[in-house]
There are 4 protein chains.
Amino acid sequence: MTHVESLHQLLAPLFPGLMGLQLVEVELERVVATMKVRGDLCTAGEILHGGAAMAFADTLGAVGTFVNLPQGARTTTVESSTKFIGAAPMGSTVTGECTAFHRGRTTMVWQTLIRSEAGKLCAVVTQTQLVIPG
Amino acid sequence: MTHVESLHQLLAPLFPGLMGLQLVEVELERVVATMKVRGDLCTAGEILHGGAAMAFADTLGAVGTFVNLPQGARTTTVESSTKFIGAAPMGSTVTGECTAFHRGRTTMVWQTLIRSEAGKLCAVVTQTQLVIPG
Amino acid sequence: MTHVESLHQLLAPLFPGLMGLQLVEVELERVVATMKVRGDLCTAGEILHGGAAMAFADTLGAVGTFVNLPQGARTTTVESSTKFIGAAPMGSTVTGECTAFHRGRTTMVWQTLIRSEAGKLCAVVTQTQLVIPG
Amino acid sequence: MTHVESLHQLLAPLFPGLMGLQLVEVELERVVATMKVRGDLCTAGEILHGGAAMAFADTLGAVGTFVNLPQGARTTTVESSTKFIGAAPMGSTVTGECTAFHRGRTTMVWQTLIRSEAGKLCAVVTQTQLVIPG
């Protein structure tokens, strides 16, 4: 089982599993995932719910931090800010690319760009993860 | 059918319905809702996923804006920022209370405090909604 | 010399001193300050520069954390988010009231409401401070 | 007089002038500036005050929006979020590079990376500007 598959098994029974998040790449400085914009992930107007976009990104930043943690350490999101820029229509697939601004001993800072299937920027999510020593 | 019930019917097939969000009160300056912390809303460690907390709050701010919209107008979240403060354990119920900082013609600003069943503050979500004229 | 006066001496040669920030009250859960909207704190249009509003609030949250620190510990802001709501005209005085959402061992979360002389809400600044053990 | 010089004259009597902000490049998708970390821009510990970093960046995002405005329109910051990552020592010079995520008719979204003289990332500021038609 690859690294990505084992992370998937971990996420499957959790909120990312409920939303159908699919990890595509998990590197030390970059995490990529996709998510199908199902009807039950939408808000009024048949577009991706802003909350689903934030939850999608939050997972990527947490996974990115997780794979960088020193042995025994845990992480929690302390802050997340999102700018919403464009809509993602129901039935399409969004892609999130999350990269590290900072991977320190106490905090890590990640930013996720969520793009529509057409490649248009939908949202920018920047989050700070606390590293909690084991 | 009351106001709250009709809003519930609107949300049921959408992301708030998937998460099990329950509207409790919908006033012009205040929206209250609850959500059961089901296993599939959690992250590792059997606590509410930060993304689910953000999506829960985002819905309250959008509902608050919606009931204040001039006729024909629509709204979209332009920005949301969250401070995570405490965990909400699986099986418990969180409550979100969303109040207005600003209800203007162009933007509205709402803040949601999410509290655990024990009354402990879990997260503070502050969001700006754009009012799009009809 | 009172507590507030000694903090003022500390701030005088620093950025808060340059801006003319005046501490009014410093309690463990609440810090209040005022600032005259001088011309050189403004942006175009003779209104308080958004950056000056953020710097004003950032100082209050840092002071609030400082007075709560365990002996030998230091603090740094890890994140700050601001919603701008209304303008403060040149020549008037703004008041900032900063209160604690959370005062923990690892992080503290503070929120500052900045109001115009007329009592209108100008900005809401929410910030997370890291507590760095001595 | 070049474009950059005329913007400088505009900013000189305002808050950016007080702080000593120097515009270096002003393009439609990118604004670059520098600022000397004077003692009166610092916080305790002889490092750049977080508020000065936020005010520096806020100016870049506003300038970036300004040069993209349709004739007669104005702009105001509606939201700004900052992640603080590293310190900039007194006496050094920081550089801010601000680029556009979105330049729309209603809103623009800009992100500024502030780097120390040594090239280390100090802060990431992401802001939303409202475009107010003339």
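The values are calculated or read from the model by the stated rules, or taken from the named source; none is laboratory data. Quantities reported herein were computed from a predicted structural model and do not represent experimental measurements. Using ideal geometry, Cβ is built from the backbone for each residue, glycine included, and neighbour counts are taken over all protein chains shown.
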Checklist entry - Exactly one of (1) among the hydrophobic types (A, V, I, L, M, F, W, C); (2) over 15 Å from the mean Cα position of the chain (by Cα); (3) under 23 Å from residue C:62 (Cβ atoms) is unmet by residue D:57. Its number? => result (2)
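Do we find a residue being among the aliphatic types (A, V, I, L, M) and surrounded by fewer than 17 Cβ atoms within 10 Å (Cβ to Cβ) anywhere in the range C:105-113? Full working, then the answer.
Residues of the range C:105-113 that are among the aliphatic types (A, V, I, L, M), as a first pass: C:108-109, C:113.
Those left that are additionally surrounded by fewer than 17 Cβ atoms within 10 Å (Cβ to Cβ): none.
So far as the range C:105-113 goes, no, none of its residues is among the aliphatic types (A, V, I, L, M) and surrounded by fewer than 17 Cβ atoms within 10 Å (Cβ to Cβ).
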Checklist entry - Is it fair to say residue A:125 is part of a strand (DSSP E or B), in contact with a Ser or Thr (Cβ under 9 Å, 6 or more places away or on another chain), facing chain B (nearest Cβ under 10 Å) and within 20 Å of residue D:121 (Cβ to Cβ)? => result yes
Checklist entry - Which one of these is of a type outside the set (Lys, Arg) and within 18 Å of residue A:80 (Cα to Cα): B:107, B:77, B:99? => result B:77
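Considering each residue of the range D:91-107, count those that are outside any loop (DSSP other than H, G, I, E, B), within 18 Å of residue D:55 (Cα to Cα) and either free of Cβ contacts under 8 Å to residues at least 60 places away in the same chain or within 10 Å of chain A (Cβ to nearest Cβ) (or both), and give that number. Outline the logic, then answer.
Of the range D:91-107, the ones outside any loop (DSSP other than H, G, I, E, B) are D:93-103, D:107.
Checking the rest, the ones that are also within 18 Å of residue D:55 (Cα to Cα) come to D:93-100.
Going one step further and asking which of them are either free of Cβ contacts under 8 Å to residues at least 60 places away in the same chain or within 10 Å of chain A (Cβ to nearest Cβ) (or both), we end up with D:93.
Residues that pass the stated criteria total 1.
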Item to check | Residue count for the range D:44-57, restricted to those that are within 14 Å of residue C:78 (Cα to Cα) and at the interface with chain C (Cβ under 7 Å from one of its Cβ atoms) | outcome: 4
Checklist entry - Has the range D:13-20 got any residue that is more than 7 Å from chain C (Cβ to nearest Cβ), modelled with pLDDT of 95 or more and part of a strand (DSSP E or B)? => result no
Checklist outcome for this item: Exception for residue C:83 within (1) in contact with a strand residue (DSSP E or B) (Cβ under 7 Å, 6 or more places away or on another chain); (2) closer than 12 Å to residue C:131 by Cα falls at (2)
Next on the checklist: Here is a check on your reading of the model: is residue A:119 small (Gly, Ala, Ser), within 11 Å of chain B (Cβ to nearest Cβ) and more than 24 Å from residue D:123 (Cα to Cα)?
Outcome noted: no
Checklist outcome for this item: Residue hits (the range A:10-33; buried (at least 16 other Cβ atoms within 10 Å of the Cβ) and in contact (Cβ under 8 Å) with a residue 24 or more places away in the chain) are A:11, A:15, A:16, A:19, A:21, A:23, A:26, A:31, A:32, A:33
Next on the checklist: Can you tell me which of (1) in contact with a strand residue (DSSP E or B) (Cβ under 6 Å, 6 or more places away or on another chain); (2) touching a residue at least 60 places away in the same chain (Cβ under 8 Å); (3) surrounded by fewer than 18 Cβ atoms within 10 Å (Cβ to Cβ) is the one residue B:132 doesn't meet?
Outcome noted: (2)
Checklist entry - In the range A:58-77, which residues are more than 8 Å from chain B (Cβ to nearest Cβ) and either assigned to a helix (DSSP H, G or I) or farther than 28 Å from residue A:132 by Cβ (or both)? => result A:60, A:61, A:63, A:64, A:65, A:66
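With respect to residue C:38, is the statement that it is basic (Lys, Arg) and over 14 Å from the mean Cα position of the chain (by Cα) true?
Working: basic (Lys, Arg): yes; over 14 Å from the mean Cα position of the chain (by Cα): yes.
It is true that residue C:38 is basic (Lys, Arg) and over 14 Å from the mean Cα position of the chain (by Cα).
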Checklist outcome for this item: Considering residues that are within 18 Å of residue D:41 (Cβ to Cβ) and of a type outside the set (Val, Ile, Thr), the number found within the range D:85-117 is 11
Next on the checklist: Of everything in the range C:42-52, what is touching a helix residue (DSSP H, G or I) at 6+ places or on another chain (Cβ under 9 Å) and in contact (Cβ under 8 Å) with a residue 24 or more places away in the chain? Give them in sequence order.
Outcome noted: C:42, C:46, C:48, C:50, C:52
Checklist outcome for this item: Scanning the range A:78-90 for residues that are part of a loop (DSSP other than H, G, I, E, B) and either within 13 Å of chain D (Cβ to nearest Cβ) or without any contact (Cβ under 8 Å) to a residue 24 or more places away in the chain (or both) gives A:85, A:86, A:87
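Residue-wise test of (1) within 14 Å of residue B:37 (Cα to Cα); (2) modelled with pLDDT of 95 or more; (3) of a type outside the set (Ser, Thr, Tyr).
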position	(1), (2), (3)
B:82	no, yes, no
B:87	yes, yes, yes
B:92	yes, yes, no
B:97	no, yes, yes
B:101	no, yes, yes
B:109	no, yes, yes
B:119	no, yes, yes
B:131	no, yes, yes
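Do you know which residues across the range B:21-43 are facing another protein chain (nearest Cβ under 10 Å) and among the aliphatic types (A, V, I, L, M)?
Step one: filter the range B:21-43 for residues facing another protein chain (nearest Cβ under 10 Å), giving B:21, B:38-43.
Those that are facing another protein chain (nearest Cβ under 10 Å) and among the aliphatic types (A, V, I, L, M): B:21, B:41.
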Item to check | Output for the range C:29-52, where each listed residue is farther than 18 Å from residue C:12 by Cα and either among the aliphatic types (A, V, I, L, M) or not in a helix (DSSP H, G or I) (or both) | outcome: C:29, C:30, C:42, C:43, C:44, C:45, C:46, C:47, C:48, C:49
